[in-house]
Amino acid sequence: MLVYFICTGNTCRSPMAAALYYKHLNDNGINYIQVESGGLGAYEGDQVSANAVTVCKELNVDISNHIAHRLKGKDLIKSSFLVVMEPVHQQILVEAGVDPHQVYLLNPPHGIPDPYQKDLDEFRKVRDQIVAAFEDLDHTLFTQAKEAWAK
């Protein structure tokens, strides 16, 4: 199973979310889920935000080698579950033909705010919102997986 985290530029929220969720899964003994990230408007090759690196390191997660990736059709095809940061990301994907049941808004109904070009405190708030949303994400993800496996 592949869980794909999506934001706009793939330099702040989605790389933080993907790396933190990967750690969350491993800390809970779950090693059969792959995690990746991309951005709807990413510039291929952009460096991850220095503030994102710093706040993830505070939780022993290293994202310093992350390079921005623009979401492509093949990413959608190979993904089991798409986790978006804002309602507009969800809307774009659904309007592009993605099954709405495959798209999950992290921290509904408002999503995760973009900390781009903001200070460390804002990045910490965003990081903490992301981590706090994992319990609901787990519930949704594993409920849908059980339903799919039952078919």
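The values are calculated or read from the model by the stated rules, or taken from the named source; none is laboratory data. Every value quoted in this text rests on a predicted model; they were computed, and no experiment measured them. As a convention, Cβ positions derive from the backbone with ideal geometry for all residues, glycine included, and neighbour counts pool all protein chains shown. Each accessible area value is taken on the protein alone, full model and side chains, heavy atoms only, with ligands, DNA and RNA left out. Shrake-Rupley method; radii C 1.70, N 1.55, O 1.52, S 1.80 Å.
A residue that is of a type in the set (Ser, Thr, Tyr), buried (at least 23 other Cβ atoms within 10 Å of the Cβ) and within 25 Å of Leu120 (Cα to Cα) occurs somewhere in segment 31-41. Per the conditions (1) over 23 Å from Ala132 (Cβ atoms); (2) part of a loop (DSSP other than H, G, I, E, B); (3) modelled with pLDDT of 95 or more, the sole criterion not satisfied by Val94 is (2).
Candidates Asn51, Asn26, Asn10: the one that is in contact with a Gly (Cβ under 8 Å, 6 or more places away or on another chain) and modelled with pLDDT of 95 or more is Asn10.
Taking only pairs six or more apart or across chains, which ones have beta-carbon atoms under 8 Å, a first residue in segment 1-14 that is over 13 Å from Ala52 (Cβ atoms), and a second residue that is of a type in the set (Ser, Thr, Tyr) and surrounded by 24 or more Cβ atoms within 10 Å (Cβ to Cβ)? Qualifying pairs under 8 Å: Val3/Tyr21; Tyr4/Ser37; Ile6/Ser14; Ile6/Ser37. Selection of segment 101-118 for residues being open to solvent by less than 80 Å² (accessible area, probe 1.4 Å) and not in a loop (DSSP other than H, G, I, E, B) yields Gln102, Val103, Tyr104, Leu105. Filtering segment 67-91 to residues that are open to solvent by 40 Å² or more (accessible area, probe 1.4 Å) and not in a helix (DSSP H, G or I) leaves Ile67, His69, Arg70, Lys72, Ser80, Glu86. Mind checking whether some residue in segment 14-28 is open to solvent by 70 Å² or more (accessible area, probe 1.4 Å), in a loop (DSSP other than H, G, I, E, B), under 24 Å from Lys118 (Cβ atoms) and polar (S, T, N, Q)? Taking every residue of segment 14-28 in turn, none turns out to be open to solvent by 70 Å² or more (accessible area, probe 1.4 Å), in a loop (DSSP other than H, G, I, E, B), under 24 Å from Lys118 (Cβ atoms) and polar (S, T, N, Q). Restricting attention to segment 29-60, the residues being closer than 14 Å to Pro115 by Cα and in a loop (DSSP other than H, G, I, E, B) number 2.
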